[in-house]
Amino acid sequence: MVNNSCDQPLELPPGADDTVDEHDEPVVAASFPIVGIGASAGGLEAFTQLLKALPADTGMAFVLVQHLAPSHISALAEILSRATRMPVMEVQDEAEVEPNHVYVIPPDRSMIVVRGVFQLQPRAVGGAHHPVDQFFRSLAKEHGHQAIGIVLSGTATDGTIGLKEIKAVGGITFAQDATAQHEGMPHSAIASGCVDFVLPPDEIAREIVRIGRHPYAAPQSEAQETDDKRSLAQILQLLYHASGVDFTGYKFNTLYRRVTRRMVFRKMNGLSEYVQYLRRTPLEMDVLYQDILISVTRFFRDQDSFEALKATVFPRLLKDRSRHEPVRIWTLGCSTGQEAYSLAMAYAEAAEAAGSAVPLQLFASDVNAAGIEKARAGVYAKDIVQDVSPQRLRRFFTELDGSYRISKAIRDACVFSQHNVLAEPPFSRMDLISCRNLLIYLEPVLQQRIMPTLHYALKPAGCLWLGGSETIGGYRNLFDAEDVKHKIYCKIPSSSPEQRHFPLQHGSAPRAPFVPGTTRPSDAGNLHREADRLLLTKYAPPGVLVNADLDILQYRGDTGSYLAPAPGKASLSLLKMLREGLLVAVRAAVLRAGKEQTQVREAGLRVKSNGAYREIAVEVIPVKGNGPNEGGFLILFEEKEEGGGAGWPRATKDGVASGHKKETAVTATVHPSSLPSPSIPSPLLSEERLKQELSATREYLQSVIEQQE
């Protein structure tokens, strides 16, 4: 009897207790939370209210980043010292952060925190001054989930980007409610969707005290007890059933921190209590799912790395390239699209500098459908001016209702798709793959699956671009370092390319997490095994396995010469991906193969690829499933051999490979086009091909009519 109860614990991945490796998240530099507070006009009153409501022994440090007049001595520290029993001091360069202290930024300075030590920097000359964002960003980078960000009264938008980064690394964010004298800063933060609590200053203080006592605020939020690990496994199984995404291979402690972060908001201290709450509250399941998938992203992140691409990678891709052969880029974990659009803009600049008209095809993917929808819209808040230069704003953006929108030319070059690289076939024939800050969230077992997949997806001279905290690890046989500093690697072509199989069930969900005492669904697995049995009787050419609706379930070999993603919304429909010249013939062959339940072969087809036509043959083989509606088709593509007709060696009934002479004896093909064509002079050959295409079109249209009737 199959038991699908969520009460059964998941089997956690090997090494789930390992907390540190080269791909881990930000290392917490202090043993206590640091609270960053940003304010501008009206902020003094709000901060005074907050301090008065705080006890002197919270175990946290409080850092006020206020917009101050650059040419006046500040009395802020002295004024605030009257509101609290904690020591209040103006920050000195290289001062160490201590708990139960209040720190105030000095005038005419910017400030960051590095390894628990303040570093003062000169105020930037020219452009907008954003000291709150600058400090919050450093806080997120250094202190991860122990960072707390608060935006109080003030004008403009400073603090919004910093809060986004604090939330993205697992920290907690606040904004002042309508009690703010000036709502510009808190309103901008709230509108961005990155604020966890919207409260008046005194209630913010009470929430901070509560959070400081929660297990989440500990330096290393880890599941130590067996019960905690069992409860977390149950949560991951609930997430799988709700979202179709298997998180069991994600970093264990990262998941634990994300879950306990949600427990903070629900005022729960035990994981078992939160499990029961998830079962009763589907909305909370969706919020947790979004929390786990949230990622740090912004335009031109690591600007120097983009410049390295423009200086080395893009010029090489453009050299001696025909304008009919687009440069193909795939960016994984694209989130809300900033990096994908940044790559497209950088490519446009590089192509212009090289005087090249070679177009770009950029494929951007993520498992999060909400992020994909935002990316497709291409509309971003005006605070992107901190990351996008005025020149790029003028060239690549248009202003729209107080926001910026990516120009149509850049949007048209980018295709956004919900896609799970761990469960679905990869895009293929890529010149460049950007996989930045994805590996840091995955256990080694999943990293070992991704790296060969990325190698497969690249062209022989393709490049892989990783995040600043990532490396190729033990895969030096697959990639060679071209620029170690900027994490750019070149593909090493395999001397004996293996034919990779990419598991995919119906739809886009990965395999279900393993639960002791249960079995997995096997519908798609039966199709795969039956297809494998059929291919073992042939010297397998490239092909695809499709279901009865002609949705691609599995790619076999390199099918890039026959299939290509269609512009617009991403799809795995075979009919939408067939290259020019194949649609009518393949569709007719599938209909006939399904109707007669026999394999059908179409030869003499002409497919257009890279601007040129080539002659190929296609064979469609019915594949039976368990039920009446679970069958599919194996569709194989074959290149025409030099000096002869198209054909691949086959196996006889005795299992011995044979050549083309025995082909008609073992192929249940009834269409005349399956027979070898005699040598025909060129004009007659063209006439014969046109007759074949006309005949195939008539047959296809007749089958459509029969279907409609």
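Expressed in nm to one decimal, what extension gain is obtained for the pair Ser81 and Ala191 from 0.36 nm per residue of sequence separation less their Cα-Cα distance?
This chain segment gains 36.3 nm when fully extended.
How much FRET efficiency would the formula 1/(1 + (r/R0)^6) give for Ile73 and Gln119, where r is the Cβ-Cβ distance and R0 is 22 Å, rounded to 0.05?
Efficiency computed from Cβ-Cβ geometry: 0.55.
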Amide H neighbours of Gly462 under 5 Å, at least 5 residues apart or on other chains, H built in the peptide plane: list them.
-> Lys491
Dipole in debye (nearest 20) - region 332-419, about Cα centre, beta carbon charges: Lys, Arg +1; Asp, Glu -1 | 180
Shape call, region 76-229: gyration tensor on alpha carbons, a/c limit 1.5 = rounded
Could you tell me which of the pairs Lys459/Lys608; Lys167/Lys382; Lys141/Lys485; Lys382/Lys408; Lys167/Lys576 are separated by over 30 angstrom between their Cα atoms in the structure shown?
-> Lys167/Lys576
Using the Cβ atoms and a cut-off under 11 Å, what net charge is assigned to the surroundings of Leu563, where Lys and Arg are +1 and Asp and Glu are -1?
-> +2
Once amide H atoms are placed 1.01 Å from N in the peptide plane, what residues at a sequence separation of 5 or more from Val104, or on another chain, have their amide H within under 5 Å of its amide H?
-> Leu64, Met89, Glu90, Val91
Three-way shape label, region 306-448, alpha-carbon gyration tensor, a/c 1.5 | oblate
Give the shape of region 260-390 as rounded, prolate or oblate, defined through the alpha-carbon gyration tensor: a ≥ b ≥ c are the square roots of its eigenvalues, a/c under 1.5 means rounded, and otherwise the shape is prolate if a/b is larger than b/c and oblate if not.
-> prolate
Using a 1.4 Å probe on the protein chains only, how many percent of the accessible area of region 334-380 belongs to carbon and sulfur?
-> 55
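The values are calculated or read from the model by the stated rules, or taken from the named source; none is laboratory data. Model, not experiment: these values are computed from the prediction. So basically every Cβ, Gly included, is an ideal-geometry build from the backbone, and we count neighbours across all protein chains shown. Ligands, DNA and RNA are excluded from the accessible area calculation, which covers all protein heavy atoms including side chains. Shrake-Rupley method; radii C 1.70, N 1.55, O 1.52, S 1.80 Å.
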